[in-house]
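One structure is given below, encoded as structure tokens.
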Amino acid sequence: MILELFFAYFAFAIIVLSIVVITRRNPVHSVLWMLLLFFHIASVYLFLNAEFMAAVQLIVYAGGIMVLFLFVVLLVHIKEEIKISKFIGAWSAGFTFAAALFVVVALSLRSFVVAPPGKYTIELIQQETHTKALGKLLYTEFLFPFEIAALILTVAIVGALVLAKRRLKS
Amino acid sequence: MVPLSWYMLLSLAVFTIGVFGFLTRRNIILMFMSIELMLNAVNINLIAISHYMQDLRGQILALFIIAVAAAEAAIGLAIVIALFRNKATAHVDEVQELKG
């Protein structure tokens, strides 16, 4: 019962906060609400016994990506932006599309069947600690994708520098 | 024990809100934030299913999604800065050079 109550609170807060994030007029407010949203999502990860993912969510998303967003929002000045209307004229088309997507996927959820359980039971993870179990899997079975992720991050950093660099006048 | 379908419905709701925000907001920064919202919805779904299937592969996939989201945010915000330098706007309606 208490678990359901906690889940209900976090689900409600996450949905309300997402709606708040996309409807604020001032992007700075959106970024700050999104920070709160990420804390709630990290709590949901803690519910699911994924404490390493909760830590990564807080460090990478709340600590890294949102600070980057905040920097860019403050670099791009928004004096005129906040005077005009937030949504495009045809916002009802977007709403219809999103609502149709929700209904279709929600109806298809009923026929979802969970696959037979794997070997990582809660007891095994408790015995081995979550971070260690995840790290063992990441550095053995998923070593090649891990290297590709490193390459993607390198390319992203170089690309961001090239794009944002001021061109020298020659 | 909270049933798995609740988590999937929560993830679906957040994803739909992200889709709505991406389609209808005018500010390009808010559009990027909607993309982050959608990626987070997918992460909730993956971690919930990974917990209920007792398999850690879903969480590994979520870890890669976080890495790709960081790369995407860096590139996207660099594009926003380049756009703002050329057009002095963060407004997608005014960027229409490619329109024939």
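Only the coordinates and a few stated rules stand behind these numbers; no lab work does. Computed from a predicted structure; not experimentally measured. Here the Cβ is made from the backbone with ideal geometry for all residues, glycine too, and neighbour counts use every protein chain on show.
Using a cut-off of 16 Å between alpha-carbon atoms, which aspartates and glutamates can reach residue A:86, once sequence neighbours fewer than 8 places away in the same chain are excluded?
Residue A:86 reaches B:93, B:94.
Please compute the length gained on full extension between residue A:5 and residue A:20, using 0.36 nm multiplied by the number of residues separating them and subtracting their Cα-Cα distance.
Extra length from residue A:5 to residue A:20 when fully extended: 3.2 nm.
With a Förster radius of 51 Å, plug the Cβ-Cβ distance of residue A:119 and residue A:28 into 1/(1 + (r/R0)^6) and report the FRET value to the nearest 0.05.
The formula returns an efficiency of 0.65 here.
For the residue pair residue A:36 and residue A:59, what label-to-label distance in nm results when each label sits 7 Å from Cα along the Cα-to-beta-carbon direction?
Result: 2.7 nm between the two label points.
Before rounding to the nearest 500, sum -39500 (n - 2.57) across all DSSP H runs of length at least 4 in chain A and divide by the residue total; then give [θ] at 222 nm in deg cm²/dmol.
-22500 deg cm²/dmol
Mean residue ellipticity at 222 nm from the helices of chain B, using -39,500 (n - 2.57) per DSSP H segment of n ≥ 4 over the full residue count, to the nearest 500 deg cm²/dmol?
Helix contribution divided over all residues of chain B: -28000 deg cm²/dmol.
Decide, for the stretch A:1-84, between rounded, prolate and oblate: order the square roots of the alpha carbon gyration tensor eigenvalues as a ≥ b ≥ c, take rounded if a/c falls under 1.5, and otherwise choose prolate if a/b is larger than b/c, else oblate.
Verdict is oblate for the stretch A:1-84.
Along the Cα-to-Cβ line of residue A:74, 7 Å from the Cα, sits a label point; which residues in the stretch A:25-54 have backbone N less than 16 Å from it?
What the label zone holds, given the 16 Å backbone N cut-off, is A:27-33, A:35.
Cross-link candidates for residue A:165: which lysines have Cα within less than 25 Å, leaving aside residues fewer than 8 places away along the same chain?
Residue A:165 reaches A:79, B:87.
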